[in-house]
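Enquirer: Sharing a structure with you now.
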Amino acid sequence: MLNTIKQLTPKRVSALEEPKDKGDAFERFIQLYLQTAPQYRLLLKNVWKPDQDFGIDFLAEIYNKQTWSIQSKFRSDSDSALSYKELSTFKTLSDNSENIDFCLVVHTSTKPIKNLLLI
């Protein structure tokens with residue numbers, strides 16, 4: 001199992017065979033990155049997975065008490081753009097929560113999100 005940020009390089013994540021394993025490893029990479037990268041470590045007080053996975057991968061509390069919702073999407077084919085359909089549950093849940101102040105989508109695609117204006 002890949003657990004540390006040094007183990008979770010994009011090359012190692014891509015080498016995993018099952019798409020779910022790749023997605024799970026990328027999620028863990030994003031959580032560790034947000035907890036350790038200086039620009040986020042100084043901003044984010046805590047990054048955690050919700051108790052139930054309904055479409056938001058992580059929540060983060062920043063030091064001024066605002067809450068972020070975070071969605072991570074791994075693409076084996078980095079030329080494949082994310083679509084509105086893939087992000088609609090995340091966006092709807094985030095928008096309908098009184099506690100979410102900011103939404104962050106992290107992905108491995110080199111392409112912009114399709115129909116971004118709908119999000």
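Values in this text are rule-based calculations from the coordinates and carry no lab data. For clarity, every value in this text was computed on a predicted model and none was experimentally measured. Counting neighbours? That spans all protein chains shown, and the Cβs are built from the backbone with ideal geometry, glycine included.
Enquirer: Provide a single number: the residues in the range 97-114 that are touching a residue at least 12 places away in the same chain (Cβ under 8 Å) and exposed (fewer than 14 other Cβ atoms within 10 Å of the Cβ).
Expert: 6
Enquirer: Could I ask something else about it? Looking at (1) out of contact with any Asp or Glu (no Cβ under 8 Å at 6 or more places or on another chain); (2) surrounded by fewer than 18 Cβ atoms within 10 Å (Cβ to Cβ), which is the one condition that is false for residue 87?
Expert: (2)
Enquirer: Here is a further query. With 77, 57 as the choices, which residue is more than 11 Å from the chain's Cα centre (by Cα) and among the acidic types (Asp, Glu)?
Expert: 77
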